[in-house]
Each structure stands twice: as structure tokens, then as C-alpha cells.
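Notes for the one structure printed next.
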Amino acid sequence: MKRWSMLGILAAALCALAFLAPPVLAGETMDKIEKTGKIKVGLREDSIPFAFIDPKVGKQVGFSVDMTQLLVENLSKYFGKKIEIEPVTITTKTRIPMIVNGTTDVEMGSTTYTQEREDVVDFSLTFFFSETSFLVAKDSPIKTKADLNGKRLGGARGTTNLKAIEDQAAAGVYKPKEIVTTEGHAQGFLALKTGKIDAYATDRSLLEGLRMKDDKPDAWRTVDFAIAYEPYGYMMRENDSDFRDFVNNTILWAIKTGKFYELYDKWMGPKGMVPIPMSQAYKDYLQLIVYPMDEGWLKKK
Amino acid sequence: MLSYKFDWGVLWRQPYGEWLLQGLWLTIQIGALAWVIALSLGILFGTLRSVRFLPLRILGSVYVEVFRNIPFLVQLFFWFYAGPMLFGKTLQFKINALSGLNYYVAIVALGLYTASRVGEHVRAGFASIGHGQYEAVLSTGMTPVQMYWHVMIPHALRLIIPPLTTEFLTIFKNSAVAMTIGVAETTFMSYKIDEQTFHGLEATTGAMAIYLVLGMTVVKLMDFIEARFRIPGLMTR
């Protein structure tokens, strides 16, 4: 009898817990940044070349990490005081919940814009375009989409890439032997290396990043075809337009002043870590979205 | 500024409700099969740790200390990623090519890990049996092997049913770690629902309810076994 009444209390406590709303932040993100002098940025550890751990430095580096630096420089100018970055390590699994519950103010990595995600968080302007492709062994027979039949395909938990495979397999576009979920890109590559999967899927830029960081980059290749397209944006909490404008303006201003191209060249240029040539459409897109910009946005009103 | 709209429908709406049930089925399979390994190896190594013959005692101690002192997550990764390498270059790729490898690795790894914990309970069971009984049994002319098999192990097992209940419960809870190598058990499924619907609170609550019900069922089952095999006069409740 006693045990059951304890169970009742437990159940009531559980229900109470479940109905508690996640922590609500008082005030808007911009106010909070000005007050605390800090911005909490969610950064990945395995998203090459956007945000990843450099073993030499022991901390996150990458294109999006440099963009984070630009963001705080602009914030410091805007508020007239030093704003500091408080990096928070995130994974594909935690990047959205941590924005929603207020652990991070902004996620700056390589997140694909999707309609479902847009329902929960806000996205910045698209700053990069990638496509879902596969990394395979150099001598792998996988050359076209049809070759995926009967193969074991891997993707990381919570990524658009994994969902694309699952959706297309369910729709019968191809029939893989098995779809394997991994905990992240590093583990996915390990699964590919040890022969647990035949092909690992993520964004082409990230696959190239994984390949280039391997001891033997020539033992692997990314396939020529793509199964989905991925526009990247940075993520922020819903309905906080002042902050989102600021992030957007940081991207636009970087393009306008040419800093964006410098960073692109540093990470993805011909001599960069993962060379990805800019397509003409991408170049045009960047030029067109910055047309109306001028310096005035950095003055606090 | 923030508003989270609860939608408990994700717990039974298709395909999500079915995912959770599929996850539960895998959790039960992994837990139950790993328990078979854990109990048999646990009894074996727990017995080895209490015999007189020193080499066997060392063997038992090495097993128990290695397996109970390394975090289960680390052991699981080791068996899954490095384990196949122990079989040499050619066999390694054959093993890695097996589909459902993660499922088998999870069962074996969880079984081996829990065996070290069960082994300690078994040893405690032997220790709680009075020394007089060992001498009495041996004086009937039984060999040491017969003594353990016919008298000491059945006796010790009955004494340690309460801590074994805890281990049996823990094995189902620890099976959630298998999700890190891609086994689609209950927690994996609740995460997957979260990723596709962003209703993580509901999905997690659903998983919690599943574990709670599963755990209570195990407790009831073990209560029954305990009552059935109680040694009159030795255990009081």
C-alpha cells in the first residue's frame, strides 16, 4: 500500500515537471547582451570547416567561428563596450533545444534551414549553400543514386541528411540494406572506415572537411550526385527581431565590406582547409542581398 | 517571449506511437538477453572469486575489476568500434559488414558489464553463508564443485534476490546507452520523435512512463520469485 502512494506522489511530481514551461528569459536578447556584456554562442566541434576543434589550439575554429568574432566586434561597437563570447559546445542533437531553452543566444555553425526548424527557432539569412552527398571509399562502386540500393548508409542523429535518406528510402527512391544512425560526423566517418557502413551522408562541404582531415584524404571520395540541397543559416530564438536583424546585418555588412569573402577564402578558398569553389549563383546571391546596405546600421538608436 | 505548446498527441499519433512501442520491444530484448549473459557469467565469476584455489580467484577478480571500473559507455564504444579489430584484418571486415551488429554488441557489452556487478553480489551471498555450512557439506563427501553446484550457489542466489532485482532493473535502464551506437531502443525513439516534431518534452515523458511501467513490472516479477524461493526462517521481510 505504501509503495503505491509513493508512486502517486512520483506521478504527480512527473506531471508537474512536464507542464513546467522551459525557462523564460526576461527581456530581449539584445538587452541581455548589453546588461551582461556576454553573448552565449552555440558552437559545434565536428563541423569542418564551419566550426570544429583545432587540435593545435584546443578550441573551436572555422568560418562560422570567425563570423562569431565579427558579430561580437559589431556588438561591442554598437553598445560602446566590450562584449565577450561565451562559447557553448553543442551537437546536432542539442543545437535546437539549447536555443529554445535559453542556454545559447545564437547558434553559429552549419545548420540547414528547414520549415520544421523554422517553426521552433528563427533563422538568419542564408549565408551558404550545400547539398547532401555521400562519402565513400575511393574504389567504392557507388557512382549514381541507383547504386545506393542494397548498401548500408549512415547519417548523424538529428541531421537533415539522415532525414533525407530515411524519407527517400521510405518513398522507394532507392532501397538501402540498412540505415545507420551515428552520434556525429566523427563517429560516422569511423563507421565508414571500419566498414560498418558503405557510404556516409552529410553536406558536401562537411564531407570534404572530414576527408581532408583524414590521414589519407585520397582513400576517400565524395560522390558526384546529391540527394538534397541545404541552405545554411544561423539560429536564434523565435520572435526576437532586434537581435535577428543584428545577426543578419553582421552577415550583410561582412559581404558588403568584403570581409565575408576573405573568410570564405581563408577556409574554403583554393588554399583553404576545404576548397569549395563559389558557384556563380551563390556569388550573385551574395551581391544582390547586400545592395541596400550602408554604415548607419551600427549606430545605436 | 517563449511559449512551448504541448501536444501530447505525438505519443500515439502514427508513426510516433508505433516508434515508441518498437523502442520498448528492443529495450526488453536487449535487457532480457543481456541479463541471461550477466546472470550466468556473474554466477561463474562470483563463484571463482570465492573459491580457495588462488589462480581461479585471481581470474575472477581481474574480470570483475576490469569490467566494473570502466564506464559502460566507454566499454560499449570499445566493443563496437575496436572489438572487431581483435579478430584480425580479414575477419574484422566480415564482422563489421554484419547488419544489426550494434544490436548484438549492445547485448554482449551490457551483459559483460552487468556480470561484474552480479558477480560481486554472488560473492556477498557466499560470504553471508556461515562457515559451518561449507564444512558440513564437505563432510558429506561432496567434491568442491558438487558443493558449489548443489548447495552453495542455490543458497547464495536466494539470499541475494533483493540486490539482483536492482541489477535486473538497472540493465533495462542501462540499455538506453545502446542508442549511442545507433540501436533504436526507447530513448533513441524518443529523441527521434523530438528531432522530427520538436515535441521533446512529450516524447521524453512518454519514454519515462515506458521505463517506469517496465521497471514496476520487473519489480513485481522479482517479488514473485522472491516469495516463491524464500528460505523459511532465513529471510524476514
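The values are calculated or read from the model by the stated rules, or taken from the named source; none is laboratory data. All figures in this text were calculated on a predicted structure; none of them were measured in a lab. Cβ: placed from backbone, ideal geometry, glycine included. Neighbour counts: every protein chain shown.
Observations, loosely collected:
- Test: residue in region A:267-285 that is at negative phi, among the β-branched types (Val, Ile, Thr) and free of Cβ contacts under 8 Å to residues at least 60 places away in the same chain: no
- Scanning region B:150-165 finds one or more residues that are part of a helix (DSSP H, G or I), in contact (Cβ under 8 Å) with a residue 40 or more places away in the chain and within 14 Å of another protein chain (Cβ to nearest Cβ).
- The one condition in (1) over 12 Å from B:TYR16 (Cα atoms); (2) touching a residue at least 24 places away in the same chain (Cβ under 8 Å) that B:ALA209 fails to fulfil: (2)
- The residues of region A:80-136 that are more than 14 Å from chain B (Cβ to nearest Cβ), hydroxyl-bearing (Ser, Thr, Tyr), within 15 Å of the chain's Cα centre (by Cα) and in a strand (DSSP E or B), listed by number, are A:THR89, A:SER110, A:SER130, A:THR132.
- Under the condition of being of a type outside the set (A, V, I, L, M, F, W, C), farther than 20 Å from A:PHE123 by Cα and surrounded by fewer than 17 Cβ atoms within 10 Å (Cβ to Cβ), the residues counted in region A:248-286 number 16.
- Selected residue (criterion: farthest from the chain's Cα centre (by Cα)) from residues of region A:145-179 that are buried (at least 23 other Cβ atoms within 10 Å of the Cβ) and of a type in the set (A, V, I, L, M): A:LEU148
- Tally, over region B:185-208, of residues that are farther than 16 Å from A:GLU116 by Cα, more than 9 Å from chain A (Cβ to nearest Cβ) and part of a helix (DSSP H, G or I): 7
- One residue stands out in region B:63-110 among those that are among the β-branched types (Val, Ile, Thr) and surrounded by 13 or more Cβ atoms within 10 Å (Cβ to Cβ): the one that is farthest from the other protein chains (Cβ to nearest Cβ), namely B:VAL64.
Residue-by-condition table, conditions (1) more than 28 Å from B:ASN102 (Cα to Cα); (2) among the polar types (S, T, N, Q); (3) at pLDDT 90 or above:
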residue	(1), (2), (3)
B:HIS150	yes, no, yes
B:LEU164	no, no, yes
B:GLU167	no, no, yes
B:SER175	no, yes, yes
B:VAL213	no, no, yes
B:VAL218	no, no, yes
B:ARG230	yes, no, no
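- Top-ranked residue of region A:193-221 - restricted to ones that are of a type in the set (Asp, Glu) and either within 14 Å of chain B (Cβ to nearest Cβ) or not in a strand (DSSP E or B) (or both), ranked as nearest to A:ASP54 (Cα to Cα): A:ASP214
- Answer from A:THR182, A:THR160 - the residue that is under 30 Å from A:LYS259 (Cα atoms) and either more than 10 Å from every other protein chain (Cβ to nearest Cβ) or polar (S, T, N, Q) (or both): A:THR160
- Selected residue [in a helix (DSSP H, G or I) and farther than 24 Å from B:SER175 by Cα] from B:LEU44, B:LEU76, B:LEU56: B:LEU56
- Of all the numbered requirements in (1) within 23 Å of B:GLU18 (Cα to Cα); (2) in contact (Cβ under 8 Å) with a residue 60 or more places away in the chain; (3) more than 12 Å from chain A (Cβ to nearest Cβ); (4) not polar (S, T, N, Q), B:TYR113 misses one, and that requirement is (1).
- Test result for B:GLY23, more than 16 Å from the chain's Cα centre (by Cα), under 15 Å from B:ASN174 (Cα atoms) and within 14 Å of chain A (Cβ to nearest Cβ): yes
- If you go through region B:111-129 and pick out every residue that is surrounded by fewer than 22 Cβ atoms within 10 Å (Cβ to Cβ), of a type in the set (A, V, I, L, M), assigned to a helix (DSSP H, G or I) and over 9 Å from the mean Cα position of the chain (by Cα), you end up with 2.
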